[in-house]
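Just so it is clear, none of the values below were taken in a lab; they were calculated from the coordinates. Not measured: the values here are computed from a predicted model. Cβ atoms come from the backbone with ideal geometry, glycine included; neighbour counts cover every protein chain shown.
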Amino acid sequence: MCTTMIITPGASANKAMTVGHSDDDELSDQRVIRVPSMTGNKRAIMAESYPYPRFNRPDRGPWYSLPDQPITEAIGEIDQDQPTYAYFDGNYGIMNEHGLMMGECTNAAHYQPRFVTQEEADKTGKHIRLFYSSELSRIALERCKTANDAVHLMGDMIDTYGYYGEGETLLVADETEAWVFEMCALPDETNHSAWIAQLVPDGEVFVAANSFRIRDVPHADPRYRQIHTPDLAKKLSAVGYFDPDKGPLDWQVAISPGEYNHPYYSLRRIWRVFDRVNPDLGLSPWVEGTYTTYYPFSIKPKVPLALKDVFSLYRDHYEGTEFDLTRGTAAGPYGDPHRFTGPYDGKQNDASSRIGNGAWERAISVFYQGYTFVLQSRPDLPEEARAIMWLAPDVSYTSVFAPFYAKVADLPKSYQIGNPREYDDSVAWWVFDFVANWSRLNFQRMCTVDIIPKQQALEAEMIARVAQLDKDIAGHADPVAAMTEFCETTATELLKDWTSLGRQLIAKYSDGFINRSAEDREMAIPIGYPASWLARTNYAKGPVSYKMTVEE
């Protein structure tokens with residue numbers, strides 16, 4: 001359950017359109033795959049699916065062709081009469097070779113039906129429901145170069161073939177425009193689906209975190225240009241979601257119960273991004289209810305955001321605020337911000353199940369992140385190098401963002417393989433997942449002393465290397481080959497470094513000690529627990545005397 005954001009060129013330090021997304025997928029398929037250009041008369045539509053493998057279809061390219069897995073059956077097909085564009089794909093489409101970018105988050109909606117195939121529709125009289133946002137995003141990347149075209153295409157697909165599943169937000173951006181595209185199913189066979197898109201004005205930052213963000217239709221401010229399904233108000237009125245006699249249409253109120261899972265599951269993250277981006281606004285973290293209009297659709301940052309600033313937003317646990325997850329009893333003795341969920345928490349990421357007796361704060365960085373990416377289209381560069389994806393497998397706080405140009409001939413194998421049920425240190429996700437899990441033995445010490453310094457050094461080095469290749473790319477006889485080799489080499493070196501770090505952490509923090517280096521023959525250093533933690537335990541009642549202690 002994801003956090004996604006847009007930083008428009010006027011809000012970006014390098015004038016790049018930027019889209020960020022953390023895929024918080026709970027040990028689902030963690031692969032990011034390059035889908036090559038395709039030809040053919042028909043295009044299969046796959047059902048929403050997240051467990052590994054999300055699907056197995058040779059018609060999606062070699063990395064989706066797994067010989068040891070059965071072919072995944074399609075739920076329908078549509079015409080496809082042109083060569084498609086190559087793109088990066090995960091649990092949703094990510095970025096295509098022309099720099100069209102996507103972000104995503106799932107939202108609660110009043111009506112969340114299953115898919116309806118053409119065969120089922122013919123038998124029952126129901127309207128076909130072929131599309132969830134995952135396949136919509138892929139088709140847009142296959143067929144479109146601009147965000148505006150992608151919005152219209154996805155809208156036409158929903159209107160024609162129907163929508164199913166939970167509500168969804170897709171961020172759709174190119175070099176110059178960024179749209180927030182939101183969609184849901186409706187409980188009617190004529191008025192079966194609805195969608196709306198709203199433009200993010202240049203110079204502003206937008207964030208979505210598992211709740212719909214578009215409100216007034218139409219918007220009073222002409223900067224927030226809107227496109228939506230034909231007769232949107234009539235459709236919502238026909239299914240009982242909107243009464244025009246009671247005032248203007250509020251999209252979120254009409255189609256959704258508001259926040260995804262519990263109070264502040266979404267709104268706290270929206271507040272946090274806006275407060276970090278522009279603290280001068282003085283936004284309060286407290287509101288009156290789930291349908292609040294207190295937080296704007298988008299804001300101007302205090303200063304333009306650099307790439308590393310966006311990385312930092314995705315590594316946030318509310319540090320330094322009253323919601324700081326690194327503090328308190330639940331953080332354990334070593335300040336671990338991760339809060340595992342279980343049967344007492346209800347269905348943590350199920351919009352139909354509301355937590356009643358308590359809940360952990362929902363941070364931007366969360367233990368079940370599958371991967372995080374930051375996409376940029378940089379207008380001042382040669383066309384070959386303009387679009388780039390920075391990808392961090394597993395939890396972004398303890399991972400490293402690696403660069404991959406959109407026009408590479410392929411991604412490194414290590415990023416395109418891997419089953420989260422079978423440990424394999426040749427898989428990028430597993431390399432980073434191991435360090436993330438090992439860090440929880442002594443979270444603050446390992447992160448502060450070992451992990452974050454290494455992370456920052458590697459990311460600074462890669463940013464510098466990308467800047468150099470950006471300058472040199474026009475002089476290469478084969479830019480695609482040069483970029484592909486660069487990304488392969490960079491990723492290989494990164495995984496080697498991070499694998500080495502993981503092994504060092506095993507030895508250094510063995511058995512609860514700080515172990516000295518191999519060259520140092522001194523004894524290991526006992527760490528123990530902080531006094532503040534001991535005070536909250538039964539330590540003081542331990543055996544300090546031979547006399548029997550009598551409780552009063």
The range 3-345: relative contact order from alpha carbon pairs under 8 Å, six or more residues apart, as a whole percent, is 16
With r defined as the distance between the Cβ atoms of residue 422 and residue 525 and R0 fixed at 41 Å, what FRET efficiency is calculated, to the nearest 0.05? 0.70
Anchor residue 246: lysines whose Cα lies under 20 Å away (excluding residues fewer than 8 positions away in-chain): 234, 235
I need the peptides 462-474, 443-455 ranked by packing, meaning the mean over residues of other C-beta atoms within 10 angstrom, with the highest value on top. 443-455, 462-474
Give me a comma-separated list of calculated 3J(HN,Hα) values for the range 378-385, in order, Karplus coefficients 6.51, -1.76, 1.60 applied at θ = phi - 60°, integers in Hz, x for any Gly or Pro. 10, x, 8, 9, x, 4, 4, 10
Compute the length gained on full extension between residue 37 and residue 159: take 0.36 nm times their separation in residues and subtract their Cα-Cα distance, giving the result in nm to one decimal. 41.3 nm
For the chain, take the longest principal axis of its alpha carbons; what is the angle in degrees between that and the long axis of helix 267-277, to the nearest 10 within 0 to 90? 80
For the cross-link pairs 454/496; 145/300; 454/508; 145/407, which exceed 20 Å when the distance is taken from alpha carbon to alpha carbon? 145/300
For residue 253 and residue 517 in one chain, what is 0.36 nm times their gap in residues minus the Cα-Cα distance, to one decimal in nm? 89.1 nm
If R0 is 51 Å, what FRET efficiency do you get for residue 176 and residue 538 from their C-beta distance, rounded to 0.05? 0.25
Provide the per-residue ³J(HN,Hα) series for the range 130-143, in order, calculated from phi with Karplus coefficients 6.51, -1.76, 1.60 and θ = phi - 60°, each as a whole number of Hz, with x at glycine and proline positions. 9, 10, 10, 4, 4, 6, 4, 5, 5, 5, 4, 5, 5, 10
Quick one: plug the Kirkwood hydrodynamic radius of the range 1-93 (C-alpha pairs) into Stokes-Einstein at 10 °C, 1.306 mPa s, and report D in µm²/s. 104
Expected output is a single nm value to one decimal: the length gained when fully extending between residue 27 and residue 188, i.e. 0.36 nm times separation in residues minus the C-alpha distance. What is it? 54.5 nm
At 7 Å along Cα-to-Cβ for each site, give me the label-to-label distance between residue 383 and residue 225 in nm. 2.3
Excluding residues fewer than 8 positions from residue 15 in its own chain, the aspartates and glutamates with Cα under 16 Å of it are 174, 175, 177, 202, 204, 309, 380, 383, 470
Phi-derived 3J(HN,Hα) across the range 417-428 with the Karplus relation (6.51, -1.76, 1.60, θ = phi - 60°), rounded Hz, x for Gly and Pro, is 10, x, 9, x, 9, 9, 4, 7, 7, 8, 9, 4
Packing-wise, with mean Cβ within 10 Å as the measure, how do 43-51, 119-127 rank, highest first? 43-51, 119-127
If you check each cysteine of the chain for another cysteine whose beta-carbon is under 4.7 Å away, which ones come up empty? 144, 184, 447, 487
Nonlocal amide H pairs with residue 527, under 5 Å, H built at 1.01 Å: 514
Packing-based ranking, highest mean first, of 162-168, 9-15 given that Cβ atoms within 10 Å are counted: 162-168, 9-15
Where does the chain land at 222 nm, in deg cm²/dmol rounded to the nearest 500, when only DSSP H runs of n ≥ 4 count, each adding -39500 (n - 2.57), divided by all residues? -7500 deg cm²/dmol
